[in-house]
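The values are calculated or read from the model by the stated rules, or taken from the named source; none is laboratory data. Small disclaimer: the values here were computed from a predicted structure and weren't measured. Counting neighbours? That spans all protein chains shown, and the Cβs are built from the backbone with ideal geometry, glycine included. With ligands, DNA and RNA removed, areas are computed over all heavy atoms of the protein, side chains included. Shrake-Rupley method; radii C 1.70, N 1.55, O 1.52, S 1.80 Å.
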Amino acid sequence: MLFEISIDKLSQEEKGVRLISNSGHLVSFSSSLFNELSRLGIDKRTFAEIVIDFLNEGTKYYSTYIKPISNVEECKYYSRIFEFWITSSLTSKQMFAVITNYDEISEVLIIDPKVFNYAAEKLLNYASTKDCMKFSMPFIYKFVVFETFNIFKKKFNANSEKIIGKNNEKFLIAKNVEDNALIWKIEAPQFSYVSNYEENKASI
């Protein structure tokens, strides 16, 4: 499934969805991206305008805020991360969208994979103020997992990183002295932050 949005250029996918943006651009969504945005409750024209603003800015990342996205995870605080293509008559870019649910608002961050560490640090800074935070992806982006774990180990002074096994499953766990932890069920398309690992490890 290719996640793609095309601006003023027809998508290669016949089953894609086309619309006119609020600023008058012809926008084509691949069906997979359209369905992903629908799942999150994100207005397609709003997302299109964010992408257009990103292209106009010409930077490595761009963010803006929208109404809260659909609560699709067990933890109130979560981030949905997916890779997608932006194509136009002038460019073709492979980017990441990081869509994060805060208390009363959500953020859409579009970012170049080369500077994903910026997104990982921002996410962890926010997560550290909460009891939990869930990070999910439509596919396993190991790059995202390991980049986030590396930032956690550096920024939060993790003194322990280990792989544990339970019921034929394996988990990668990084933890610091304050008992904050990142937990990834290996090969799963999600991972979690918890503020108190000892209280949560029984549920792993």
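Points to keep in mind about this one:
- Dipole-positive endmost among Y77, T87, A127 within the range 4-139 (Cβ charges, Cα centre): T87
- Rounded accessible area per residue of the chain, 1.4 Å, Å²: 49
- Annotation: D131 carries an accessible surface of approximately 120 Å², with a 1.4 Å probe and no ligand, DNA or RNA atoms counted.
- For the chain, the alpha carbon convex hull comes to 117 Å³ per residue, rounded to a whole number.
- Listed cross-link partners K130/K153; K114/K154; K76/K114; K130/K155; K122/K201; K93/K153 are compared with a 22 Å cut-off, the Cα-Cα value being larger for K76/K114; K122/K201; K93/K153.
- Taking the C-alpha atoms only, the angle from helix 31-40 to the longest principal axis of the chain is near 60 degrees.
- Nearest 10 degrees, 0 to 90: helix 116-127 Cα axis against the chain principal axis: 60
- Cα-centred dipole magnitude for the range 139-204, charges only on beta-carbon of K, R (+1) and D, E (-1), debye, nearest 20: 200
- Taking the accessible area of the range 1-140, probe 1.4 Å, and keeping the other protein chains in place, the carbon and sulfur fraction comes to 48%.
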